[in-house]
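Every number here is computed from the coordinates shown, using simple stated rules; none is lab data. Because the structure is a prediction, the values reported are computed rather than measured. Here Cβ is always computed from backbone atoms with ideal geometry, including for glycine, and neighbour counts include all displayed protein chains.
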Amino acid sequence: MSVDTIAINRQRGAFEEQASFWLFGYGSLLYKAGFPYLECRPATIRGWSRRFWQGSHDHRGTPDAPGRVATLVEEAGAVCTGMAYRVTPEVLEPLDVREKNGYLRFTTTLTFTDGGTDQGLVYIATEDNDAFLGPAPALDMAQHIARSAGPSGPNRDYLVGVAAALERLGAEDTHVATLMQALQEVEAGPETQRAGRLPARPGTA
Ligand code: BEZ
């Protein structure tokens, strides 16, 4: 899908009529909102898993050398921990522009860690978008992340920021933990990789 997601997201609507609504963050929004919000609360959503399977041409990479950032993939029974922001509709237009590289608006049910549920909005880059990279062995993904950078900074800072935010939330995410371990081994150098805390042909994370 190589399309103008800004136009599609405008058409998708939902929530614009409300004075405020919840926006669920699971990637960079975990550690940096970059927009005004009324309140934020840790929350989970069901049926989706965080995966570093989306290419980033405009934030953590370039068109010639895209980085690897988070999206959500459907997985029955999965629970994804993130941060919910209560926002006003004005934030949507700049967010649509910022996340134009494949992310579409979806509606989902949020369960707040401190109790209660509500409907909210989440941006997801589905596998039919042109920038979707899909799975790869953990070490390959970590090497990719370690060498990538874009206008928003080094790709590794994004992964480290997500991991640190999840730790602050007390959330377990085995995919992110596996990538962090692989990144540490990549950054420690080839001796550490050969010493083999990661299997020679690691499975996908
Ligand atoms: C995030 O949760 O950080 C996010 C927001 C918009 C698009 C993709 C991810």
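The table below gives the values:
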{"item": "For the chain: relative contact order, % (alpha-carbon pairs under 8 angstrom, 6 or more apart)", "result": "26 percent"}
{"item": "Share, in percent, of DSSP beta bridges within the chain that are antiparallel, nearest 5", "result": "95 percent"}
{"item": "GNM top mover of Gly115, Gly82, Gly55 - the chain, alpha-carbon springs below 10 Å", "result": "Gly115"}
{"item": "The chain - charge dipole about Cα centre, Lys and Arg +1 at Cβ, Asp and Glu -1, debye rounded to 20", "result": "380 debye"}
{"item": "In degrees, nearest ten, helix 155-169 long axis to first principal axis of the chain (Cα)", "result": "70 degrees"}
{"item": "Cα lying deepest toward the dipole's positive end in the chain, options Phe24, Gly161, Ala177, charges on Cβ", "result": "Ala177"}
{"item": "Convex hull per residue volume in Å³, alpha carbons only, for region 29-121", "result": "101 Å³"}
{"item": "Protection-proxy order for peptides 31-42, 128-139, each taking the mean of Cβ atoms within 10 Å per residue, highest first", "result": "128-139, 31-42"}
{"item": "Estimated FRET transfer efficiency (Glu17, Thr109; beta-carbon r; R0 25 Å; 0.05)", "result": "0.85"}
{"item": "Rg and Dmax [Cα atoms of region 6-190; Å; Rg one decimal, Dmax integer]", "result": "15.9, 54"}
